[in-house]
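Taking it in order: structure first as structure tokens, then the write-up.
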Amino acid sequence: MKSTVTVSIVTYNSPYIFKTLDSWIDNVMNDYDISLVIHDNGSDADYLKKLEEYENKGITIVKGTNQGFGHGHNQVLTQTTSDFFVICNPDILITKEAFETLYDFLENSDDKVGMLTPKTVNPDGQVQYLIRRKLDVFDYMLRFVPFGFVKKMFNKRLSYYECRDLSDERQVIQYGSGAFMFTKTQVIKEIDGFDERFFMYFEDNDLCDRIRKNGNEIYYIPDATVTHFYGKESHRSLRGFKIFMKSMAQYFNKWGWRLF
């Protein structure tokens, strides 16, 4: 009997979610036993009305308040009985080929494998370097520096930090991106899902730390590619940057400060 899948999407007025839902419906849901659940974090009435139209297409909508990214996914997780649990951003496009590759790998993996992360690209096909080899304050802050010559000075360091040297082989990694995580439900439930003290940002890093601490492995599957619109709110707004800084402090307070 093939494994069942729950796809969890948390949204707050995301303009891309309708493209995301269409990609799941058109490319995947007819061929697999999938429950797609949206946890809405208190979006506008007009947005919700449009979202509710998808209930006729087999999608479940849970209406909540905005208590953060991790909280929304945890609400879905607590009701999940499927074998696999997919954490999907509301700005991701999935193909049948990418889903099949990830599904088949996890279906045939040993007990140690807990999570998969695909190759993530922009709509124009450019790779988004979202995988991390290690985490420290210097490298995080370097990405916010607006001066190109500074980043050029540290280009080798940034390339190492962003794992730009990863080969196109399936391999164990340290940190995958919360934009798309293909997981075994039991592995995530054993660590009680996301730490809800992180409102947004760093909750995916923390989840990866706890997955590995619990004895499970995270794999990068580069032959599975998803498209990510990637809003970069922390780079675009003062509010987003403040949330980012608070989450960064929470993360390093929890796991130990690494400055450089």
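How far apart, in nanometres, would the label points at Glu190 and Gln174 be if each is projected 7 angstrom from Cα along the Cα-to-Cβ direction?
Roughly 2.2 nm, to one decimal.
Pop out the ³J(HN,Hα) list for the range 208-214 in order, Karplus 6.51 cos²θ - 1.76 cosθ + 1.60 with θ = phi - 60°, rounded to Hz; leave Gly and Pro as x.
Once θ is set to phi - 60°, the couplings for the range 208-214 become 4, 4, 6, 4, 5, 5, 7 Hz.
Size of the range 27-69 along its principal axes in angstrom, Cα-based, largest extent first?
Taking max minus min along each principal axis of the Cα atoms, the range 27-69 gives 32, 21, 14 Å.
Out of all DSSP beta bridges in the chain, what portion is antiparallel? Express it as a percent rounded to 5. Numbers along the way, then the final one.
On the way: 14 of 39 bridges.
If we restrict to bridges inside the chain, about 35 percent are antiparallel.
Before rounding to the nearest 500, sum -39500 (n - 2.57) across all DSSP H runs of length at least 4 in the chain and divide by the residue total; then give [θ] at 222 nm in deg cm²/dmol.
-10500 deg cm²/dmol, from helical runs alone.
Along the three principal axes, how long is the range 1-100 when you take its alpha carbons, biggest first, rounded to the nearest angstrom?
That works out to 39, 26, 21 Å along the principal axes.
Set the Förster distance to 45 Å, then compute FRET efficiency between Lys134 and Tyr32 from the Cβ-Cβ distance, nearest 0.05. Write out the running numbers ahead of the final one.
Working: r = 35 Å, r/R0 = 0.78.
Given R0 = 45 Å and the Cβ-Cβ separation, E is 0.80.
Once you keep just the Cα pairs under 8 angstrom separated by 6 or more residues, what percentage relative contact order results for the chain?
25
May I ask you to derive the relative contact order of the range 1-148, considering only C-alpha pairs under 8 Å and at least 6 residues apart, and to give it as an integer percent? Walk me through the intermediate numbers first.
Details: 174 pairs, mean separation 44.6, N = 148.
Over the range 1-148, the number comes to 30 percent.
Once label points are set 7 Å from the Cα along Cα→Cβ at both Lys96 and Asn66, what is their separation, rounded to one decimal in nm?
A separation of 3.8 nm, rounded to one decimal place.
What are the extents of the Cα atoms of the range 106-246 along their three principal axes, listed from largest to smallest and rounded to whole Å?
For the range 106-246, the Cα spread along each principal axis is 46, 35, 26 Å.
Roughly speaking, what % of Cα-Cα pairs in the chain are separated by over 31 Å, rounded to a whole number?
Roughly 21 percent, once rounded to a whole number.
For each of Val121, Val37, count neighbouring Cβ atoms within 10 Å of the residue's Cβ, then give the residues from fewest to most.
The order, fewest Cβ neighbours first, is Val121, Val37.
Using alpha-carbon positions, what is the distance between the centroids of the range 1-44 and the range 69-136, in Å?
12
Each reported figure results from applying straightforward, stated rules to the coordinates on display, with no laboratory input. Quick caveat, the model's predicted, so the values are computed rather than measured. Heads up, the Cβs are rebuilt from the backbone with ideal geometry, glycines too, and the neighbour counts pull from every protein chain shown.
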